[in-house]
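Worksheet: the structure to be examined is printed underneath.
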Amino acid sequence: MNVQAPTLLKINEIYLSLQGESTWAGMPCVFVRLTGCSLRCVWCDTAYAFHEGKENSLETILGKVKYYGVKLVEITGGEPLEQEGVYPLMEGLLLMGFEVLLETSGAVDLGRVPKEVVKIMDIKCPGSGEEKRNLWTNLEKLVPWQDEIKFVIRDEVDFDYAKDVIGQYGLGMKNTVLFSPSHEELDPALLSEWITRDKLPVRLNLQLHKYIWPKETKGR
């Protein structure tokens, strides 16, 4: 008789903080950061999650999340969809009544993500160095009026790229589009000027945690 092995995930950290971005910004949120990512974005602020972490059982992870007593949970990384165990983790959190957010690079197929999970999907601009990893078919798998699309903007080249993508794919009609200035690289005031100048259907997305806590702070 085959006995199914317990689901294990390599976890970098689990902590309670404020959601720093997206339309959920400012809300208390439990973060489950998974280890591992095959992308190497130039502006990445969580390189420590590329390799650091310890294996946890699904039961242990769910217990740690429940301990904090907050109903909003974000699964992040790294790139969380690179671990097979993330799917039962999402299902388990939903069954326990959590509102589940997924922060994802957009480079991994979203087809297996439960519809109820709010996907916050990056589209990589040239300034990231990873724009060739964009999986454009993922746009068809976003749930209208629920899931969100994020661009990190380093400069005007990135801005023009993002603007062209919005026009080509008709973004901003059914999903919130977030423009996030690369922290300490692009002045938010300048990005604001570009957005209003071109009347884009996007939301300025400042990463609140980077303004509240020092950059070397983990679990923020």
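The values are calculated or read from the model by the stated rules, or taken from the named source; none is laboratory data. Being a predicted model, the structure only gives us computed values, none of them experimental. Positions of Cβ are generated from backbone atoms using ideal geometry, with glycine treated the same way; all protein chains shown enter the neighbour counts.
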List the number of the failed condition for Val32; all other conditions in (1) surrounded by 14 or more Cβ atoms within 10 Å (Cβ to Cβ); (2) at negative phi; (3) outside any strand (DSSP E or B); (4) modelled with pLDDT of 95 or more hold.
-> (3)
What about Thr7, is it touching a Pro at 6+ places or on another chain (Cβ under 7 Å) and either surrounded by 22 or more Cβ atoms within 10 Å (Cβ to Cβ) or of a type outside the set (Phe, Trp, Tyr) (or both)?
-> yes
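Table: residues versus (1) surrounded by fewer than 18 Cβ atoms within 10 Å (Cβ to Cβ); (2) touching a residue at least 24 places away in the same chain (Cβ under 8 Å).
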| site | (1), (2) |
| --- | --- |
| Leu110 | no, yes |
| Lys115 | yes, yes |
| Asn138 | no, yes |
| Lys174 | yes, yes |
| Glu185 | yes, yes |
| Pro188 | yes, no |
| Asp198 | yes, yes |
Taking Val42, is it over 12 Å from the mean Cα position of the chain (by Cα) and over 29 Å from Thr137 (Cβ atoms)?
-> no
Just give me the residues in segment 174-192 being β-branched (Val, Ile, Thr) and part of a helix (DSSP H, G or I), in sequence order.
-> none
Given the conditions (1) over 25 Å from Leu18 (Cα atoms); (2) assigned to a strand (DSSP E or B), every one holds for Val152 apart from (1)
Under 21 Å from Glu79 (Cα atoms), among the aromatic types (Phe, Trp, Tyr) and loosely packed, with under 15 Cβ neighbours inside 10 Å: does that describe Trp145?
-> no
Top-ranked residue in segment 45-67 [being surrounded by 13 or more Cβ atoms within 10 Å (Cβ to Cβ) and within 30 Å of Leu186 (Cβ to Cβ); ranked as farthest from the chain's Cα centre (by Cα)] = Glu52
Restricting attention to segment 62-108, which residues are in contact (Cβ under 8 Å) with a residue 60 or more places away in the chain and aliphatic (A, V, I, L, M)?
-> Val86, Leu89, Leu101, Ala107
Result of the Cβ filter at 6 Å on segment 11-35, keeping first residues that are in contact (Cβ under 8 Å) with a residue 24 or more places away in the chain and partners that are surrounded by 22 or more Cβ atoms within 10 Å (Cβ to Cβ) and among the hydroxyl-bearing types (Ser, Thr, Tyr), at least 6 apart or interchain, is Asn12/Thr35
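Results for (1) polar (S, T, N, Q); (2) in contact with a strand residue (DSSP E or B) (Cβ under 7 Å, 6 or more places away or on another chain), shown as yes or no for each residue.
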site: Asp160; (1), (2): no, no
site: Met173; (1), (2): no, no
site: Leu191; (1), (2): no, yes
site: Trp194; (1), (2): no, no
site: Arg197; (1), (2): no, no
site: Asn205; (1), (2): yes, yes
If you go through segment 36-47 one residue at a time, do you hit one that is touching a Leu at 6+ places or on another chain (Cβ under 6 Å) and over 19 Å from Ser180 (Cβ atoms)?
-> no
